[in-house]
Every structure is written in C-alpha cells, then in structure tokens.
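The values are calculated or read from the model by the stated rules, or taken from the named source; none is laboratory data. Not measured: the values here are computed from a predicted model. Here the Cβ is made from the backbone with ideal geometry for all residues, glycine too, and neighbour counts use every protein chain on show.
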Amino acid sequence: MPGSVTFCELPSLVEFVGVTRSYGSRVAVEDIHLGLDPGELVFLVGPSGAGKTTLLKLINREIRPTCGEVWVDGLPAHQLSASKVADLRRRVGVVFQDYKLLPRLTALENVAFALQVTDLRISDEEARDRGLDALDAVGLGDRADAFPHQLSGGQQQRVAVARAVVSQPPLLIADEPTGNLDVETAWQITDLLEDIANFGTTVLVATHNVEIVKRMQRRVLTLVDGRLVRDQPAGRVGRLAWAAWS
C-alpha cells in the first residue's frame, strides 16, 4: 500500500546489516553488523572519531546509511520516508551529554512536553500524571517544579532520563550520559540506566568512561576507525577490551 510502513520480524530489537555511512570521502562507519536484544544494557566504546555518535544517529534516523540496512523494532530506519520518521522516534528514547532541557520549563513540564510531542492525543492531565511517575522513578518527584538552573548536573540528567523514558519506548540510547558528571553522580546515572534495562528496555550507552564499563561487566561493542572490531558479551570484559581503545 502506498505510504505504508513495512515491518520486519527480526530476532533483535535493533539490527544493523552491512551498514556503512560516509560523509563525502570520509567513511564514518563501515560494514557494521550487529543486533541488540530486548532488555540488554550495552556499552559502545572507542576513541573520539570512531563513529559512535554516527551509529546512534543511524538508529534514531537522524541520518541514513550510505548502504546497508538499519532495523529498529521492526521498522526500516534506512528507508523510512520523512513522514514516517516520527513512528520510529516514538520507539527510541534519547539521552544526551548536555541534557538538552528546555530552560524555561520546570522539570515536570520538560517531561510532560516530551510525552505530548510524541502523542498529541495525550491530555495535559495525563501528561502531568505520567510525568510525575517518571520523575518519581528517577528519584526526583520532589523537584518537579524546579527549573533546570535550580538543579545540579546529576539532577538535570535524571530529568533527561525521565523525559526519554516517559513514553516507555522499547529502546533507550545515551550519548556520553555521564560525561559532564563527577564520579559519584556518574555511577548513580549508570545504576539508573541499569534499572531501566532490568525492566525490559534495551539500553545502548556510548561512553569514554572505562571504569564504569569494566565494573558493570555488560556487553561491550568497540568501534575503531568506523569498524566494529570487538563485540564482547556480558561478563567477559577485561583488559583486552581496551587494547583497541587506548
């Protein structure tokens, strides 16, 4: 049917099949094959310029691959028309290093606004109730009326996480979510992401934080010069995981 969205039943929530993305003559990611399963917490590591952010943008259909296929929850991100991208983005929550909160909205308003953007049918009352639930879940129910400038960096990131998961997407991607945080706060955010994965959401975290990744002992994908050079399963992350990173 013209304009319809094609679905594909795949064993993984996210599937990359021979994906390459180039910017002119520069290859950002090359021939990527990987799958992410429901409820996995996966770390994406590699040096600056390795292609981590490009990979995340491909998942969220901010860019298209030069060649290959990207499937997200059964949707073909690689070939969706612009009018169908919103369907995909309702399935993907995103957390950024610099939070990207709207400064003139309270914590609750930031979360509720994100929910109503994804579904215009949601009433103000429902958005508020679900926003409060999301803030409670990240430990900030008592700061719902605070503006971003009244919150610490860690609290702002918690609001950002609440905003990303308030619509209960099956996938959460996070680009350096602890990069602006002190060590203790970084661990708190990482624990929060682990809790989200334990409830069944697939969580993919791009990070430079070696200590967090080593201690968590979750699956690690290592990118170097745009190529996936290592895919280590959970519980087998040791010193060799960092040979291509350092």
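Some observations on this one:
- The residues in segment 161-220 that are buried (at least 17 other Cβ atoms within 10 Å of the Cβ) and among the charged types (D, E, K, R) can be counted, and the count is 5.
- If the condition is being farther than 17 Å from Gly139 by Cα and part of a helix (DSSP H, G or I), then segment 158-185 contributes only Val183.
- Count of segment 59-93 residues which are touching a helix residue (DSSP H, G or I) at 6+ places or on another chain (Cβ under 6 Å) and within 26 Å of Pro148 (Cα to Cα): 2
- In the set Asp87, Asp142, Asp136, only one residue is free of Cβ contacts under 8 Å to residues at least 12 places away in the same chain, within 21 Å of Gly200 (Cα to Cα) and of a type in the set (Asp, Glu); that residue is Asp136.
- Search result, residues across segment 64-79 that are on the phi < 0 side of the Ramachandran plot and either buried (at least 20 other Cβ atoms within 10 Å of the Cβ) or under 15 Å from the mean Cα position of the chain (by Cα) (or both): Pro65, Val70, Trp71, Val72, Leu75, Ala77
- Test for Gly93: is it among the small types (Gly, Ala, Ser), surrounded by 14 or more Cβ atoms within 10 Å (Cβ to Cβ) and either touching a residue at least 24 places away in the same chain (Cβ under 8 Å) or at positive phi (or both): yes
- Segment 14-35 residues that are touching a residue at least 12 places away in the same chain (Cβ under 8 Å), paired with ones that are surrounded by fewer than 21 Cβ atoms within 10 Å (Cβ to Cβ) and small (Gly, Ala, Ser) (beta carbon under 6 Å, 6 or more apart): Glu15/Gly35; Val17/Gly68; Gly18/Gly68; Val19/Gly68; Thr20/Gly68; Asp31/Gly18; Gly35/Ser12
- Test for Gln188: is it polar (S, T, N, Q), under 14 Å from Ala137 (Cβ atoms) and part of a helix (DSSP H, G or I): yes
- Matching helices (runs of 4 or more DSSP H) fully within segment 62-151 where at least 1 residues are among the β-branched types (Val, Ile, Thr): 85-89, 107-118
- Taking (1) among the hydroxyl-bearing types (Ser, Thr, Tyr); (2) surrounded by 15 or more Cβ atoms within 10 Å (Cβ to Cβ); (3) modelled with pLDDT under 95 in turn, Thr106 satisfies each apart from (3).
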